[in-house]
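See below for the structure under consideration.
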Amino acid sequence: MIILISKRKFDVPVQAACISPDVFKGKTTAEIANMPVTEGNRNLKLGDLFEIQEDNLETPYITINGDAGKVKRIGSNMKTGEIVVNGDCGMHTGEKMAGGKITVNGNIGGWSGNDMKGGLIEVHGDAGDYLASPYRGTATGMKGGVIIVDGKVGSDSGCYLHGGVLKIKGGAGRFLGYHMSDGVILVDKEVDVRPGACMTGGKIVITGTVEEVMPSFTIDSVKPKVKIDDTTNVAGPFYVFLGDLAEHGTGKIFVNKACNPQMKFYEKYL
Amino acid sequence: MTSEVKSVVCPICGCLCDDLEVTVENNEIVKMKNGCSVCEAKMVHGYKSEERILKPMIRKDGELVPVSMDEAVKKAAKILTDAKYPLLFGWSSSTSEAQRIGVELAEELGSALDNCCSVCHGPSVMATQEIGIPASTLGQIRHRADLIVYWACNPWTSHPRHLERYTSFTDGRFEKSEWKSYMQKMKGDASMKKVQAASKRIIGSTIPAMRPDACALNAPPQTMQKEGRKLIVVDVRKTMTADAADYFIQVQPNKDYEIIEALRCLVGDQELDVDTVGGVKVEYLKDVADAMVNCEFGVIFFGLGLTQSAGRFRNIENAIALTRDLNRKTKFVISPMRGHFNVTGANVVFAWSTGYPYALDFSQGYPQYNPGEFTTIDLLRRGDNDATLVISADPGAHFPKAAVQNMMKHPLITINPDMNAISRLGDVVFPTQWCGIECEGTAYRMDHVPIMLRKVVEPPKGILNDEELLKRILAEVRVIKGKNPDTETKAEVKERNKLAPRIEIKQRKKAKKVEVA
Amino acid sequence: MTELLIKNGFVFDPINKINGEKMDIAIKDGKIVHKVSGKAQVVDASGLTVMPGGVDIHTHIAGGEVNTGRIIRPDDHVKDVERKTAMTRCGTGYSIPSTFTTGYRYSRMGYTTVMNPSMAPLEAKHTHEELNDIPLLDKATYPLIGDWWFVLENLAKGDIVECAKHVAWMLDITKGYAIKIVNPGGLESWGFGHNVHSIDDQVPNFCITPREIVTGLARVNALLNLPHSIHLHTNNLGLPGNYTTTLDTMKALESVPYNGKPVCHITHLQFASFAGDGWAHFQSASEEISSYINAHNHLTFDMGQVIFTDTTTMTADGPFEFSLYELGGHNKWVNSDVETETSGGIIPFHYKKNSPVNALQWSIGLELALLIKDPWKMFMTTDHPNGGPFFAYPRVLAWLYSKKAREATLKHCNKKAQKKSLLPTIDREMTLYEIAIMTRAGQAKALGLPNKGQLGVGADADVAIFNINPETMDIAQQFKAARKAFKHAAYTIKDGKVVVKDGEVVNNTTPGRTMWLDVQTKDPCVIDEEMRRKFKQYWTIEYDNYPVFDHYLRVPEKLTVKASV
């Protein structure tokens, strides 16, 4: 319905928490153009940075074309509707999102899906660090919703995860699912070191490779398949590790047996 | 004209030794007592550098040209106010008084503000935000610690008087110095070497060492059972500090996290499935865990080897978790080995005026904080800012190339006493006084103890100190801003405030739900 | 020469026994005067309540510990920000606001004098640097000396006079205002991870008991003629069943000569009035405590009221914070021991209505305030930020002056706590006069600040004006409107200047003063070579670098005291 086209390439960060279907709903294009944003330290209006057009389509509710790689906080606090970003998208996208859908046809910046409670973020590219992780010093992360990333994700993704599902079709950086207590993370390719460090609950499913699991995990069993959500099961077989013992946790890491022959030595404990 | 100044504070490292005795002759430091070699290098020689900047300079047609202070201040203020998103970086070798003005300047400009801790112990600060920190002042360690662990740091060379003033080689109320036993060990080592050399000469081969090398490849030595203070060093290579240690654990690079995690399990009486962790046998780690649990008062000092290797703040977080776990069995504290003499002060000052210790952003009219988003290197790498002010730091020599290249795309203002790498690249170059030598001010020791730096000699004529200079720049910025006041109406500001974070009062709603149920 | 005339307000000035009379207050050059010339600026206070500026006897707003609390809680700041304006600096809240924000928020509530109650002497410079950055308020700070080795050693020897000289020296060089004692003996024990559990436990390595420390320092306080009494945080604070320790401490203090001036201020009494033998059997001991207090006059107290919110607890009582952390549910724990002096701890804490313990704590604080009959003994605080941030004071006031407000909150509380609470049996509703005592007059009197907390001629012209018309507004019924009025003062006047109008800061040129005591002993503590040697042994910084130099106080106000030793 609303189409935003960036007027130029932004060379300093733009904060645009107002770009959200809930905020735009019921406003005319003139009113939308008058919404406050900042470019660096300059207080501007959305219309100063974006050309705003309206069409008759019902969905998606907002489309962003052009340069949004430095635009932060798109769709923050979003509850309904849909945003499509054609291109890269800045940090904190979908922060505190509770519903609706954000589709990014490009890469997405760090801290996206931070403190998410519901809804869906689909990224047809790579994601930055701290995907679905909470703000500094907070001990509860994403509580619900789904994030699907076609590419790889950075480090510290899914920290303090407390619910919801992350599906990562590429690789994942260090400390995936750090301190998670619930929820599911599925990674299809290579996972960097220390997945699930300090986890107390939830599941990390690695169908790709991982160099080692932390010494503070203990092997539990070998399972033929694992349930991701109500509709999906992934076939294995998988080594199942329990941990993190240092936190007296009962989280589970499922590691694909076929792709990770270096873990064979654990079988002696079974 | 010779005078002696006592109780001078050393403006080099985070130890802030304050017992220096300095001899001044004709406004020049000629001699000093009590300082370490690093201190002497700066206090007696370094500050008289031939590279000293004596006049403000502005780059004109590619060349730095000396100008008047007024002109330089005006030019700097113009650069900073013209920029949409300037960055103010440095601060760790400046006084707290100057840092205060720095925060005010950043606030007035709506800029990013960061200090050197983002490239050293920023991860330590981030870790405390995740898990807290059981800490103590250094004197507490001096009086009580009977187990000292230096993890991924080498104070023998980086903080030369640390062992002597605060840990192993100092006398406290309840624990005594290990200096004598160290000297005996060194003598023993020296005579052993002589015996080895002699036996090689006479029988053509060396006899096996009486004392096994205190290294992780071996089990912990008998000295781990001795009375008095024990010293354990954990590092990737055998350093001078490791030579002084009772036990040295050599870890594989980037495996500290795993070792700490294993120690946490062992301290918590858990069994491990693996035999070695990070190159160290689990049975040796068990002995270390026992030593930690059985001490009366233990301390872990950690350095950049932990904060800047793989895992970064998670390493520290885990080390703090280990310390916390140990507090359930005995008394244990942990402390970062902060580098620059007032990098701790920068955290302290930023925090009291804004709530956040570093990685700040004022572009929204209120302070925001997020390392990774507003930390200098990340910001520069992404090319987010469009002007930079560097004060008392040298990113030119220490930053990654991509960051410096992006910095050079935009105007650069520098404030440094001597012509270091970054000053050579500056567009406006200010001279300043050496803090703690030519001007006084407050600095914070690595354990947050404030100490007043002393002025020992007069600065060169016409050179302002950091605080005075920043005040002048701030005044000029206010003049320019006064001419272009913000024209937003009250209603518009209200609209903007709506998008600022709010306190969420969840408690009330929850309580109501309970009622209904 | 500036003159100001506050016209036609309903004045509540308990020290001068003025209870809601309609009168004018004249101000000249920052002081209250008999009358002013016709040229004076007029503040029309008709229909408004006029009180002396608020005084807070106990609020952690500055210093090493507070700042560490700030550093570890970005999650606390991010949800509450203050935007920069042409008049004010920006900052952040919530439970541990940044310095400028602290000043503005206090001032908006009509407060003009606040006391920072815990400062490790070694870190005194830090505290004073922060106090300098808290605008619009007069401030002072209490050094922590209850577990200072010099005090322990001298008291163990029984040498009260020598101890007094050292304390006088300490107050002088740290620019302090009163003797603060926290968990006496416990902090020294915490050096090796232990604690003391009653007032007669031996402190390891020092041959002294908490009883001897408290009574000894109370005597020292009397010898030095300090304006405030000793300021005490009792042993076993925050533990179930601790009310017996509190009663023991209060009884022990009866042995200290009492000449009409209280010998001790026991702070955040709520945390020291728990009955029951474990958290599962947690009970209120407010009846036992308040009946003792009603029968004795040698002590003063403050509430330490709990607010249901997410806050940060911080105290020099390191062992208590660790035991709190071990109860579970907290993600951060800070411990900060200071050599030869004190310790400290910080934990973020969320007081919840549906927790049986937290809800009862809330009730205990209010029970104490309401059951203690004499408001000159019991003052309103939240032990900011331990019970809740100070800007929740208006909510506490509402619970004090309105039974309706108490009932409105109590009905949302945990059911078990509701059953244990005495609040339904208490009908007392405080009047504006009593509120003025609990928030201003009483606190100023206990602190020994003659020019604060009152509007008599010669007093400092610190005035708070609230949008409450006592003739038309029944505060007990319209508690929400009154609460709003206390939250946003109609005017706050500091040193004769209007600094807040309609709840907004309108003046940024008043930095406020830092008060400190210059205690003059007849035969001052000599810093000889022996003392310097001892100094070098005890601390890791040199004697010459230890004092807070004069320039650390931006606007100092020296109060000279003549000691009797």
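Being within 18 Å of B:E107 (Cβ to Cβ) and modelled with pLDDT of 95 or more is the filter here; which residues of segment B:380-390 pass it?
B:A387, B:T388, B:L389
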Restricted to segment B:320-339, and to residues that are within 10 Å of chain C (Cβ to nearest Cβ) and part of a loop (DSSP other than H, G, I, E, B), which residue is surrounded by the most Cβ atoms within 10 Å (Cβ to Cβ)? B:T330
Could you list, in sequence order, the residues of segment C:523-548 that are touching a residue at least 24 places away in the same chain (Cβ under 8 Å), touching a Lys or Arg at 6+ places or on another chain (Cβ under 9 Å) and not acidic (D, E)? C:P524, C:C525, C:Y538, C:T540, C:I541, C:P547, C:V548
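If a residue has to be in a loop (DSSP other than H, G, I, E, B) and closer than 17 Å to C:Y552 by Cα to count, how many in segment B:449-476 make the cut?
Final tally of qualifying residues: 3.
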Checking the structure you have, find out if any residue of segment A:125-146 is of a type in the set (V, I, T) and farther than 30 Å from B:I131 by Cβ. no
Using the structure shown, decide if C:H128 is under 19 Å from the mean Cα position of the chain (by Cα) and either over 17 Å from C:V214 (Cβ atoms) or assigned to a helix (DSSP H, G or I) (or both). yes
Within segment B:245-259, restricting attention to residues that are more than 9 Å from chain A (Cβ to nearest Cβ) and not in a loop (DSSP other than H, G, I, E, B), which residue is surrounded by the fewest Cβ atoms within 10 Å (Cβ to Cβ)? B:Q250
Checked segment B:1-43 for anything under 26 Å from B:W91 (Cα atoms), within 14 Å of chain C (Cβ to nearest Cβ) and of a type in the set (D, E); matches are B:D18, B:D19
List the helices (runs of 4 or more DSSP H) inside segment A:1-64, counting only whole elements, that have at least 1 residues being within 14 Å of another protein chain (Cβ to nearest Cβ) and hydroxyl-bearing (S, T, Y). none
If the requirement is being touching a strand residue (DSSP E or B) at 6+ places or on another chain (Cβ under 7 Å), modelled with pLDDT of 95 or more and of a type in the set (A, V, I, L, M, F, W, C), which of these qualifies: A:I62, A:I108? A:I108
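To keep it simple, each residue is scored yes or no on (1) without any contact (Cβ under 8 Å) to a residue 40 or more places away in the chain; (2) of a type outside the set (V, I, T); (3) in the same structural domain as B:Y85 (by TED's automatic domain parsing).
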{"site": "B:T330", "(1), (2), (3)": "yes, no, no"}
{"site": "B:S363", "(1), (2), (3)": "no, yes, yes"}
{"site": "B:G372", "(1), (2), (3)": "yes, yes, yes"}
{"site": "B:V390", "(1), (2), (3)": "no, no, yes"}
{"site": "B:K401", "(1), (2), (3)": "yes, yes, yes"}
{"site": "B:M408", "(1), (2), (3)": "yes, yes, yes"}
{"site": "B:I415", "(1), (2), (3)": "no, no, yes"}
{"site": "B:V429", "(1), (2), (3)": "no, no, yes"}
{"site": "B:I437", "(1), (2), (3)": "no, no, yes"}
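Which strands (runs of 3 or more DSSP E) sit wholly inside segment B:105-183 and have at least 3 residues that are touching a helix residue (DSSP H, G or I) at 6+ places or on another chain (Cβ under 8 Å) and at pLDDT 95 or above?
Counting at least 3 such residues, we get B:112-115, B:147-151.
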A:A33 fails exactly one of (1) surrounded by fewer than 22 Cβ atoms within 10 Å (Cβ to Cβ); (2) out of contact with any Lys or Arg (no Cβ under 7 Å at 6 or more places or on another chain); (3) free of Cβ contacts under 8 Å to residues at least 60 places away in the same chain; (4) not polar (S, T, N, Q), namely (2)
Does any residue of segment B:91-106 turn out to be among the small types (G, A, S), over 18 Å from the mean Cα position of the chain (by Cα), more than 27 Å from B:V233 (Cβ to Cβ) and within 12 Å of another protein chain (Cβ to nearest Cβ)? yes
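If a residue counts only when it is crowded, with 24+ Cβ neighbours inside 10 Å and of a type in the set (V, I, T), which helices (runs of 4 or more DSSP H) contained entirely in segment C:52-110 have at least 3 such residues?
Counting at least 3 such residues, we get C:64-72, C:99-108.
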Among the residues of segment A:221-236, which ones are buried (at least 16 other Cβ atoms within 10 Å of the Cβ) and of a type outside the set (A, V, I, L, M)? A:G236
The one condition C:I541 fails out of (1) among the hydrophobic types (A, V, I, L, M, F, W, C); (2) over 19 Å from C:L223 (Cβ atoms); (3) surrounded by fewer than 20 Cβ atoms within 10 Å (Cβ to Cβ) is (3)
Scope segment B:268-280; condition in contact (Cβ under 8 Å) with a residue 24 or more places away in the chain and more than 9 Å from chain A (Cβ to nearest Cβ); matching residues: B:G279, B:V280
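So, of the residues in segment B:301-319 that are in contact with a strand residue (DSSP E or B) (Cβ under 9 Å, 6 or more places away or on another chain) and under 17 Å from B:C265 (Cβ atoms), which turns out to be surrounded by the most Cβ atoms within 10 Å (Cβ to Cβ)?
Going through the qualifying residues, I end up with B:A319.
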Does segment C:53-67 contain any residue that is more than 18 Å from the chain's Cα centre (by Cα) and either more than 7 Å from chain B (Cβ to nearest Cβ) or charged (D, E, K, R) (or both)? no
So which residues in segment C:118-140 are under 24 Å from C:M51 (Cα atoms) and away from chain B (no Cβ under 11 Å), if there are any at all? C:P135, C:L136, C:L137, C:D138, C:K139, C:A140
Checklist (1) modelled with pLDDT of 95 or more; (2) surrounded by fewer than 24 Cβ atoms within 10 Å (Cβ to Cβ); (3) within 11 Å of chain C (Cβ to nearest Cβ) applied to B:K78, failing item: (3)
Subset of segment B:169-195 that is of a type in the set (A, V, I, L, M, F, W, C) and under 20 Å from B:M224 (Cα atoms) - its residue that is surrounded by the most Cβ atoms within 10 Å (Cβ to Cβ): B:F169
Selection count, segment C:13-38, where residues are part of a loop (DSSP other than H, G, I, E, B) and modelled with pLDDT of 95 or more: 1
Return the residues of segment C:246-285 that are more than 23 Å from C:V214 (Cα to Cα) and surrounded by 24 or more Cβ atoms within 10 Å (Cβ to Cβ); say none if nothing qualifies. C:S284
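Looking at segment C:362-372, is at least one residue of a type in the set (D, E, K, R) and either within 10 Å of chain B (Cβ to nearest Cβ) or in contact with a Gly (Cβ under 9 Å, 6 or more places away or on another chain) (or both)?
The answer is no; no qualifying residue exists.
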Report yes if some residue within segment A:200-215 is of a type in the set (A, V, I, L, M, F, W, C) and touching an Asp or Glu at 6+ places or on another chain (Cβ under 8 Å); otherwise report no. yes
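The values are calculated or read from the model by the stated rules, or taken from the named source; none is laboratory data. Computed from a predicted model, the values in this text were never measured in an experiment. We place every Cβ from the backbone using ideal geometry, glycine too, and count neighbours over all the protein chains shown.
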